[in-house]
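The values are calculated or read from the model by the stated rules, or taken from the named source; none is laboratory data. Just so it is clear, the structure is predicted and the values come from calculations on it, not from any experiment. Cβ: placed from backbone, ideal geometry, glycine included. Neighbour counts: every protein chain shown.
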Amino acid sequence: MGAPVLSATRSSAPTRPVAPAGPGAPAAPIAGLRQRLIPVGALVNVMAISAIVAVAVGAWVLVALDGWSYYTTPLAVRGYSPAHRILRPSGPVGQTLGVAGAVLMLVPFFYMGYKRLRRQKSGANLKRLLEVHIFCGIVGPILITFHTAFKFNGIVSAAYWSMVLVALSGFVGRYLYVRIPRTIRGVELSQAELDERTASLRDELQWTAGLDALDALDRVEAAIVARPPSWFSGLGDRPLRRSIDEVTAVLEQRAGRAASASLRQALDERIRLQQRRHALAATKRLFDLWHVFHLPLVWVMFAIVSLHVGVSLYLGYVPFRW
Amino acid sequence: MVTGWTSRSWRLPAVVAGLLLGSLAFARTADARQLGALVSPGALSQPHATLEGIRNCEKCHEAGNRVTGAKCLSCHQPIADRIRARRGVHRTVAAGDCVTCHAEHQGATGELRPFDLSQFDHGRDAGYPLDGRHAPLAAKCASCHKTRSYLGVSTACASCHQDVHKGTLGATCETCHTTRTAFKEVRQGFDHSKAAFKLDGAHERVACESCHKNGQFKGVAFATCAACHRDPHTPKAAEACATCHTTATWRTRRFDHATTKFALAGKHRTVACAGCHVRPALQVTPRYDTCASCHTDPHKGAFKQDCKACHNEQSFAKAPFDHTATAFPLTGRHAPAACTACHTSLARVAQRTGRTTAPATVDFGGLKKDCASCHDDVHRANLGAACESCHTTERFAVTTYTHRTPTSFFAEAHTPATCVSCHQRTGPAAVPDLVRARTSPPPVTAAAVSTNTATPVRGSLAGTVFTAASRACATCHADVHLGQVAATCESCHAVATPKFGVTSAFNHARTTFALNGKHAGVECRKCHTSQAGTFPAGAGTAVRLTGIATTCATCHADAHLGQLGARCESCHTDQTFKLSAYTHKNPAQRAFFVGPHTTAACSACHTPATGAFAAGTGTAVRYAVPTDCTACHRDVHHGTLGPKCADCHRLDRRARLAIPNALDGRRDAR
């Protein structure tokens, strides 16, 4: 499926207005489109923030509230630990953590609904929603974990383990997610948009490095397409990596020092896009299946948690009434 | 849009529905207990295990109200009672506050009752203090609390202890037993004074088992001592033990000896019974009418058994013997003397045996009354045996002695002398050896004046031999005149004279220089001065009594410095040194001593002058005076009429100048 795309791209290339190639020539028209694409390291920042928040909450509970000694106290006598009053699941801190965790877990749930409702509307900033989704999906389980006081009993433990699986699968989903080319707002690129993007990158490279310089690029891309579609980057393939480095060196030499940075960026994106387009069908199929795993567990989780919350409320374990 | 269960839109609801249906199916097949486990936050502890199950939640939990104490206490009724009564561990908790302390759903092994033994005070928290021997049980709850509940254990002793008395002593063990002592040690707990037989004296120290044999605590016979004690007396003393014995101690007899014919007094009270009563005590009655039945007579019958004359029951050795009844009453210093001081046979025995108590044999006879039988005669018999003439029993040392004869000798100057002034011990002081009277006079010392007529004794006279000393003066007195006087002392001195002064017996007229006139009143020492020099008895210093020249110049200085020669008596007498009258006798000057010259005072012509005199240069009244007029009279004519005053002036009896006739007319004309 990759080859026709390539040939199509190549065939369309001459139709583009050819600007005189010269070192240091500005690539302004193309840069605008590139800015609107989701960056390579997308969602890394929100995961770091989530990790910091999770560590902070963990330190607070384990150290400041003496949670470490409480959680390591044998269950039989834990009820008489000094921290039991506040850290037990129905205690001031324990229950608050549970409520907060549940609320955080509801946020991705609403994200799911919002995504389904607004699927066709490109105006929504899906990436921002996903960042919130990831934050809640990391911090929420941490809070819930402390809410359980590491005591996993009854059916509600099924909800907990479901949550754990959902959270872990979220990391897989995030990996697959970023392998599907999207705009910077998180909207998937259509095939035409993808073609246009790869073509414009080629143009940019051609503008910068000259026509004959693309021969090496074509060889690299041919090598990528020749390989079976991979969900991994493939950049770990050493011969391929070496040939990419060679191409980069040649193009940089041609483009000159001033344009080498943007040239390298364009080259990286072009190769990455080609690689992902090559695996795109497989990735999408896998992502689809991932949803089948990720989502039902969410439903199971919420169903049991509803029961858990219902029983708790029924028996009088109302938040802020300790 | 693809239809069918594989379509994407159906997939999710189908999976969810399947999971829920599976859960429901599990719920249908599971029993209530398993269902409960689904919603339970943890297994219940073992004691609450029967409350597991979904239908039991509300046995503890109240809808909308968590776990209420009322639900807990509806089962734990005894606890509810104690909370209400504010007793025990739960006395301070609120009725609904169970979960604060009791945590559930902590697993089957979950501890429902946190129990910090270090904080638990069984007395305070359970109302039954574990003290004394119970104290170690505070850490061994299960020793008494046999069931899971800590309640329901009675504080009755029998709930833990076996009644070894088999109910014969009732259930109030604490009457006898305490937790402070061993179970068998009941003395501290049991007050035997509440029993019919009260314990006192030695009975208090007897082990319980000694009387309560075989655990018999009731019905022990105690009416008679013989119930427990064996009667050692022969014949048996019947039941009158208390007549002699008390419970204080078996050895202490309480027998009142006064009820017998021999009341015990003094030292007899301290004698052990067996001292008199040889066993068997009650069988033999000792003779009590004579001392000798118990005491041996150390005097070997010398006093005919009349012991009471000297001894009494207070002290055998120190009998209050009245010596006045004897031939030798003890007076003065004799009174406090120890018996053995005189009765030396007693002393010798005591010395030999080292005993101060009465010896086996004591001889009080054979002593004489004379002093020498006890006292050594330090005077070696030279004063005779009549010691009492000087000594008294009040004080052995001689305090006063009055020489009776001759009276004249022991008078005045001799009275202040001490005995040893005349009577002196010779030889080493410590040895009372032969002492003679003084043979040489002691150094002349000033004797203290005493008004006592009796001679005070100074210093120890021990060893002094008072032989009759010679009354010759030289025996005691040294010759202060160094041989100048050949006559006896009595010629001038007399004892009766105060301060040994020279008496009227001495008459200076018998010497070569009778003292007349003014000389009679002159003190001796004015002429007889103390001089150092050679005297008949040798060189020395003495008042010179002889060999003094009788010339005036020996004593008197020549005021005339040799102008008038050595024959003082030609002008002076011993009646008065002053010259009362003098008549110029020189015939050559007879013409001069007429008229006024005869009545002029001596000093008118003889005036003191300083210059050269016959005896040397000095100041003296000059007696060689010229008779020319100008020697005395002033020339009023200033030499104009020449030196022949007599030409005009003459001396007549009217003591006026006789003016020549030439002047008469002039005087008349005027």
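Step by step: first the residues of the range A:294-318, then only those that are more than 9 Å from every other protein chain (Cβ to nearest Cβ) and surrounded by fewer than 15 Cβ atoms within 10 Å (Cβ to Cβ), then the one that is nearest to A:Met112 (Cα to Cα). Which residue is that?
The extreme case among them is A:Ser306.
Output the number of residues of the range B:98-116 satisfying the condition of being more than 8 Å from chain A (Cβ to nearest Cβ), part of a loop (DSSP other than H, G, I, E, B) and modelled with pLDDT of 85 or more.
3
Within the range B:31-54, can you find the residues that are more than 12 Å from every other protein chain (Cβ to nearest Cβ), at pLDDT 85 or above and exposed (fewer than 15 other Cβ atoms within 10 Å of the Cβ)?
Answer for the range B:31-54, where residues must be more than 12 Å from every other protein chain (Cβ to nearest Cβ), at pLDDT 85 or above and exposed (fewer than 15 other Cβ atoms within 10 Å of the Cβ): B:Pro47, B:Ala49, B:Thr50.
Taking the range A:70-94, which residues are aliphatic (A, V, I, L, M) and either assigned to a loop (DSSP other than H, G, I, E, B) or touching a residue at least 12 places away in the same chain (Cβ under 8 Å) (or both)?
The answer is A:Leu75, A:Ala83, A:Ile86, A:Leu87, A:Val93.
Give the residue that is modelled with the lowest pLDDT, with candidates limited to residues of the range A:209-245 that are more than 20 Å from A:Thr198 (Cα to Cα) and more than 27 Å from the chain's Cα centre (by Cα).
A:Pro239
Could you run through the range B:563-594 and say how many residues are surrounded by 10 or more Cβ atoms within 10 Å (Cβ to Cβ), small (Gly, Ala, Ser) and closer than 29 Å to B:His519 by Cα?
Summing the residues that are surrounded by 10 or more Cβ atoms within 10 Å (Cβ to Cβ), small (Gly, Ala, Ser) and closer than 29 Å to B:His519 by Cα in the range B:563-594 gives 2.
Need the failing condition index for B:Lys213 against (1) modelled with pLDDT of 75 or more; (2) in contact with a strand residue (DSSP E or B) (Cβ under 8 Å, 6 or more places away or on another chain), just the number.
With (1) modelled with pLDDT of 75 or more; (2) in contact with a strand residue (DSSP E or B) (Cβ under 8 Å, 6 or more places away or on another chain) applied to B:Lys213, the lone miss is (2).
Is the range B:209-222 home to any residue that is basic (Lys, Arg), more than 60 Å from the chain's Cα centre (by Cα) and within 26 Å of B:Thr249 (Cβ to Cβ)?
yes
Looking only at the range B:543-554, count every residue that is out of contact with any Ser or Thr (no Cβ under 7 Å at 6 or more places or on another chain), in contact (Cβ under 8 Å) with a residue 24 or more places away in the chain and among the aliphatic types (A, V, I, L, M) and tell me the total.
1
Considering each residue of the range B:220-271, count those that are at pLDDT below 75 and part of a loop (DSSP other than H, G, I, E, B), and give that number.
15
Looking only at the range A:49-64, decide whether some residue is within 14 Å of chain B (Cβ to nearest Cβ), surrounded by fewer than 14 Cβ atoms within 10 Å (Cβ to Cβ) and either farther than 27 Å from B:Gly36 by Cβ or at pLDDT below 95 (or both).
There is no residue in the range A:49-64 that is within 14 Å of chain B (Cβ to nearest Cβ), surrounded by fewer than 14 Cβ atoms within 10 Å (Cβ to Cβ) and either farther than 27 Å from B:Gly36 by Cβ or at pLDDT below 95 (or both).
Mind telling me which of the residues B:Arg86, B:Arg91, B:Arg82 ends up being surrounded by fewer than 12 Cβ atoms within 10 Å (Cβ to Cβ) and under 30 Å from B:Ala158 (Cβ atoms)?
Residue meeting the stated conditions: B:Arg86.
Return yes when A:Gly154 is touching a Leu at 6+ places or on another chain (Cβ under 6 Å), in contact (Cβ under 8 Å) with a residue 12 or more places away in the chain and within 14 Å of chain B (Cβ to nearest Cβ) and no when it is not.
In short, no.
Give the range B:55-78 a look and list any residue that's away from chain A (no Cβ under 13 Å), in contact with a helix residue (DSSP H, G or I) (Cβ under 6 Å, 6 or more places away or on another chain) and modelled with pLDDT of 90 or more, or say none.
Scanning the range B:55-78 gives B:Cys72, B:Leu73.
Just for the range B:335-382: of the residues that are touching a Cys at 6+ places or on another chain (Cβ under 9 Å) and not in a loop (DSSP other than H, G, I, E, B), which one is modelled with the highest pLDDT?
B:Cys371
Six or more apart or on different chains, Cβ atoms under 9 Å: show the pairs whose first residue is in the range A:304-322 and more than 24 Å from B:Gly22 (Cβ to Cβ) and whose second is basic (Lys, Arg) and not in a loop (DSSP other than H, G, I, E, B).
Correct list of pairs: A:Trp322/A:Arg85.
Among (1) of a type outside the set (A, V, I, L, M); (2) in a loop (DSSP other than H, G, I, E, B); (3) modelled with pLDDT under 75; (4) more than 22 Å from B:Cys291 (Cβ to Cβ), which single condition is B:Lys318 missing?
Single failed check for B:Lys318: (4).
Here is a list: B:Thr534, B:Thr541, B:Thr554, B:Thr546. Which entry is modelled with pLDDT of 80 or more and in contact with a Pro (Cβ under 9 Å, 6 or more places away or on another chain)?
One residue alone meets the criteria, B:Thr546.
For the range B:324-334, how many residues are assigned to a loop (DSSP other than H, G, I, E, B) and surrounded by 12 or more Cβ atoms within 10 Å (Cβ to Cβ)?
5
Among the residues of the range B:595-611, which ones are without any contact (Cβ under 8 Å) to a residue 40 or more places away in the chain and surrounded by 10 or more Cβ atoms within 10 Å (Cβ to Cβ)?
Matches in the range B:595-611: B:Thr598, B:Ala600, B:Cys602, B:Ala604, B:Cys605, B:His606, B:Thr607, B:Ala609, B:Thr610, B:Gly611.
Can you tell which of B:Lys194, B:Lys146, B:Lys198, B:Lys166 is farther than 22 Å from B:Leu130 by Cβ, basic (Lys, Arg) and more than 60 Å from the chain's Cα centre (by Cα)?
B:Lys166
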